[in-house]
Structures are given as C-alpha cells and as structure tokens.
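What follows draws every value from the coordinates through simple rules; no lab data is involved. Source: prediction; values computed, not measured. Every residue, glycine among them, receives a Cβ derived from its backbone with ideal geometry; neighbour counts consider all protein chains shown.
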Amino acid sequence: MLNQQDISRLRQMVAEAKQAAIVAHINPDGDAVGATMALQGYLQQFHPHLTVQAVFPNQPPAFLMWVEGAKSSFCFATDKEKTLQYLQQCDLIFFVDFNNVDRLEELGARMRHLTARKVLIDHHPQPDDGFDLEFSDPSMSATCELMYLIMDALGDAKKLSVATAEALYMGILTDTGSFSYGIQTPSTFRVAADLMALGIDKNAVASRVFDSYSEHRVRLLGYTLKDKMMVYPEHKAAYIYLSRQELNDYHFEVGDTESFVNYPLSIKGIELSAFLYESLDASHIRVSLRSRGKNISVNELARTHFKGGGHFNAAGGKFFGTLAQCCTYFEGILQTIK
Ligand SMILES: [Mn+2]
C-alpha cells in the first residue's frame, strides 16, 4: 500500500532536484523498459524543470525499443564515460524493477560513491537497504503497475500521455505473460482498465512486443524444445539448455531467448522449469527459473544455489562452471525436491 507520507516525500524530492536518472536492471525486460520510459515521460510532462535521462546497464532487446524515448536512452555497456558523467551530476536517481544494486554489475560498483538521493520503485521481495525512499511492493504484478499507482497518488494518472500509458501497459503485459500469471490482486486489472481508458492501442502494444521475432529466433525455439529439453515427470520438473555455439548458430540477438523458460511449464504436470545457457563472454552459465503454483519458490532456489533471486514463481541467477556441470548440478537439486 502506498502511504501519503512517502508520496509527499517523493513530490518534494522531485521538486528539489535538478537532474535525475532512471536506472533499470541488467538485461532489461519489458517491465524494466516500460517503467523506466514511463517515468521519464511522466517527469518530462509534469516536472519540466527537471533534466531526466533513462539509463540501461546494457542494451534492451529491439522489440522493446518502440516505446517513446527508448532510442535516446543511455546504455552503460556501450557508452560508459557519457553515462557516468551524467550520473555524477545527478541529484536524484530512481532504481526501477530491481532492488539490489549488485544486479547492475559493473555499473553498480561505479555508482556506489554517488551522493544523489536514491528512490526505489520495485515489486521484488527482500529489498536492499540504502535507499532514501522506497516504494517496494511484491503484491504488484509489475513495477509498471506500482508506477501507475504512484502517478495516481500524485494526482496525475488521468492526464498521462498515451505514450506513457502504453509503456506502463507493456510492463504489465510482459511481466504477467499477457495477464496469465503473477497477478495477485484485482488492482492489476483496474490499472490495465485505466490505461485502456487513456486511449492506448493495446492490440498494437501486444503485437509490437510478441510478434516481432526474427525467423532465427523462432527456429532456435523449435530446436531448443525438440533437442535440448530434459523432462523429469517424477520430479515435476524440466529444463532446457543452450551453449554459446548453439546460440551463435541461430544468430542470437539480445532478447531472443526471452520467455523460453516458460515453455516446459506448458507440459501437463510440470511445476518447475529452468533455462541454462552460456553467458555472452562464456564466463558463466545464466540460470533462469520458473515455477507454477505454491509448492516451489524459485526465489529461494536461486538464492540458495545460483547467487540470484527474484519472485516466488520467477527468478534467476548464475552458475560458475561449464554448461554440463550446471546441468548435473541442477539434476542434483531435483533429487532434493519432493
Ligand atoms: Mn518486473
């Protein structure tokens, strides 16, 4: 629940600031890009005294970049000096859709000494300390849902631009798998209804996000499900795994494997799914985890075994070793799950 005191403090912090940045997590997804660009659009519209800039630790996938303002966002991975220079001059920094500065990797380390006020807006459990103001609510389906409610509490929701509303809608749409999971309260549907009333083209948003894959991506999915999926009905689990070579064979681009991890869950009786794949620089294995229902917390699984975290039903982490070792390790974990 939003409390009026936090909203007043936010209003005051924005009024007092001159230069702000909005920073999302590494490998930005639809919710991260949507929340970041919506907040930027909102601040530009309602608080024009403020210079504001979206900052992504690395490049978001192309199918998210249609959102207004996204193309002029800063990308730390490709332009470190410009990004750091901008951040150094900020007196206000928003952190959206994550709650642990470690998730920014190198950018996080480079930001530690900054003295700007820090505001968290996020829906993951167990937020870190160290923020000056926290909007953290794991009952939200998406950071974009929370972001809308904050804008509403500030009294501005009815005047949002269509572009801002579409960015927010994209975040809810992607974080809930088109309104099929992660929704815990009726609030999600109320927010979606409000966004629709603002005039968004919801079919066009869905189409831009979900119908813009390359042929290579669709073939990679086919290959993965046919040849690279292990199913363990006795453990109600399945996983898929890909090497860097296989990703390269299918001309992998950022975002191509987004949502792959959800496919094994569409098998009847499977409650736990993992996607294990070699990182870009082959230094480690990226681990993406999903579960269905209330039996398995992949947040706990990721925290215990893969130096990561996330939500009860969706989380991620890392494994340091080879892909084969990671598969064996994961199979070992399955033995411990009833
Ligand atoms: Mn999210």
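Considering each residue of region 166-205, count those that are of a type in the set (Gly, Ala, Ser) and free of Cβ contacts under 8 Å to residues at least 40 places away in the same chain, and give that number. Number of matching residues: 7. Which residue is farthest from Ala315 (Cα to Cα), if the candidates are limited to region 136-163 and must be in contact with a strand residue (DSSP E or B) (Cβ under 7 Å, 6 or more places away or on another chain) and within 13 Å of the ligand (Cβ to nearest atom)? Restricting to residues being in contact with a strand residue (DSSP E or B) (Cβ under 7 Å, 6 or more places away or on another chain) and within 13 Å of the ligand (Cβ to nearest atom), the top hit is Met147. Looking across region 254-290, the residues that are within 19 Å of the chain's Cα centre (by Cα), of a type in the set (Ser, Thr, Tyr) and either surrounded by 24 or more Cβ atoms within 10 Å (Cβ to Cβ) or not in a loop (DSSP other than H, G, I, E, B) (or both) come down to Tyr263, Ser273, Tyr277, Ser288.
When region 88-103 is filtered for residues that are surrounded by fewer than 21 Cβ atoms within 10 Å (Cβ to Cβ) and either in contact with a Lys or Arg (Cβ under 9 Å, 6 or more places away or on another chain) or under 23 Å from Ala315 (Cβ atoms) (or both), the ones remaining, listed by number, are Gln89, Asp91, Asn100, Val101, Asp102. Selection within region 111-128: residues that are within 11 Å of the ligand (Cβ to nearest atom) and in contact with a helix residue (DSSP H, G or I) (Cβ under 8 Å, 6 or more places away or on another chain). The member of this set that is nearest to Thr188 (Cα to Cα) is His123. Could you check, for region 78-85, whether at least one of its residues is hydroxyl-bearing (Ser, Thr, Tyr) and crowded, with 18+ Cβ neighbours inside 10 Å? Yes, there is a match, as at least one residue in region 78-85 is hydroxyl-bearing (Ser, Thr, Tyr) and crowded, with 18+ Cβ neighbours inside 10 Å.
Checked against (1) away from the ligand (no atom under 16 Å from the Cβ); (2) out of contact with any Leu (no Cβ under 8 Å at 6 or more places or on another chain); (3) touching a residue at least 40 places away in the same chain (Cβ under 8 Å), Asp102 passes all but a single condition, namely (3).
Among Ser180, Ser207, Ser161, Ser141, which is surrounded by 13 or more Cβ atoms within 10 Å (Cβ to Cβ) and either within 22 Å of the chain's Cα centre (by Cα) or of a type in the set (D, E, K, R) (or both)? Spell out the reasoning first.
On the way: Ser180 fails: surrounded by 13 or more Cβ atoms within 10 Å (Cβ to Cβ); Ser207 fails: surrounded by 13 or more Cβ atoms within 10 Å (Cβ to Cβ); Ser161 fails: either within 22 Å of the chain's Cα centre (by Cα) or of a type in the set (D, E, K, R) (or both).
From the options Ser180, Ser207, Ser161, Ser141, the qualifying one is Ser141.
A search for C-beta distances below 7 Å between a residue of region 107-125 that is farther than 13 Å from Ile93 by Cβ and any residue that is assigned to a helix (DSSP H, G or I) and within 16 Å of the ligand (Cβ to nearest atom), counting only pairs 6+ apart in sequence or on different chains, returns Asp122/Thr143; His123/Thr143; His123/Leu146; Pro125/Asn299. Against the criterion of being within 16 Å of the ligand (Cβ to nearest atom) and either buried (at least 18 other Cβ atoms within 10 Å of the Cβ) or closer than 30 Å to Gly199 by Cβ (or both), Phe131 does not qualify.
Here is a check on your reading of the model: is Leu168 part of a helix (DSSP H, G or I), within 25 Å of Glu68 (Cβ to Cβ) and away from the ligand (no atom under 14 Å from the Cβ)? In short, no.
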